[in-house]
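No value in this document is a laboratory result; all are computed from the given coordinates. It should be emphasised that the depicted structure is a prediction, and the values quoted were computed from it without experimental measurement. Glycine gets a Cβ as well: all are built from the backbone with ideal geometry, and neighbour counts include every protein chain shown.
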Amino acid sequence: MVSKDYLIGLLKENEVFLEGDFTLSSGKKSNYYINMKKAITEPEILSTISKMISEKIKDDKIDKVAGPALGAVPIATAVSLESKLPLLMIRKEKKGYGTSKLIEGELVEGDDVIVVEDVSTTGGSLLKAIRAIQDNGGNVKRAFVVVDRQEGAIEEFEKAGINLEPLISVDEFFD
């Protein structure tokens, strides 16, 4: 069983938390940035994350694991491999060629799905991915984020009736 402390140590070791002036995907300004793209390219970090999430869902009846592009796809893939659950990848928008699908992978109506994300600030991009799953007949049972910035995402998810479960909250990193 891998631990939260072990994951925090790996993130610190790999200098995932950066200080400076940053603009986040939500448009907000911040004096720190969580470089999860760097983190999820490190096999030990990705493996640790996938084991932590797989352990949390092992007793649930889950059909699929999903992640929105781009940052969550490696996480969802690692969880898929660890838990032996089929993978769904959620695009930001439908592509204008090929199959023009918003969801890659086979979502069957009534499937119970977990969603994963790398970092949450307001939760907007993950909620959009969740709506895509719901609009296509899936039931989102649980939502996980590796790091929650504690800037309103958990509250936004509560309003939507979904429990967002962070592996780490940003204040735990600075403890």
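Exposed loop sites here are trypsin sites (Lys or Arg not before Pro) assigned a DSSP state other than H, G, I, E or B and surrounded by at most 10 other beta carbons within 10 Å; excluding them, the longest clear run of the chain is 85-175.
Each label point is 7 Å from the Cα along the Cα-to-Cβ direction; what then is the distance between the points at LYS84 and LYS29, in nm? About 5.2 nm separates the two model spin labels.
Backbone amide hydrogens, once placed in the peptide plane, bring GLY138 within less than 5 Å of GLY110, excluding anything fewer than 5 places away on its chain. Using R0 = 25 Å, the C-beta based FRET efficiency linking ALA160 and LEU70 works out to 0.65. Under a Gaussian network description of the chain, with springs only between Cα atoms under 10 Å, the residue in LEU18, LEU87, LEU107 that fluctuates furthest is LEU18. Note on the chain: GNM, Cα springs under 10 Å; of VAL140, VAL65, VAL108, the largest mean-square fluctuation is that of VAL108.
Within the set LYS12/LYS61; LYS38/LYS58; LYS56/LYS101; LYS29/LYS84; LYS92/LYS141; LYS61/LYS101, which residue pairs have Cα atoms separated by over 32 Å? Violating the 32 Å limit, Cα to Cα: LYS12/LYS61; LYS29/LYS84. Residues whose amide H falls under 5 Å from that of SER169, counting only those 5 or more places apart or on a different chain, are ASP148, with hydrogens built in the peptide plane. Bridge orientation summary for the chain: considering DSSP beta bridges with both residues in this region, about 25 percent are antiparallel.
How big is the charge dipole of the chain about its Cα centre, in debye rounded to the nearest 20, if each Lys and Arg gets +1 on its Cβ and each Asp and Glu gets -1 on its Cβ?
Details: 23 positive and 30 negative charges, 134 e Å.
My answer is approximately 640 debye.
Compactness of the chain was expressed as the Cα radius of gyration divided by 2.2 N^0.38 Å, which yields 0.99.
Membrane-span-like helices in the chain, defined here as complete DSSP H runs extending at least 15 Å along the helix axis by their C-alpha atoms with mean Kyte-Doolittle hydropathy no lower than 0.0, are 43-57, 72-83, 124-135; this is a sequence and geometry rule, not a statement about a membrane.
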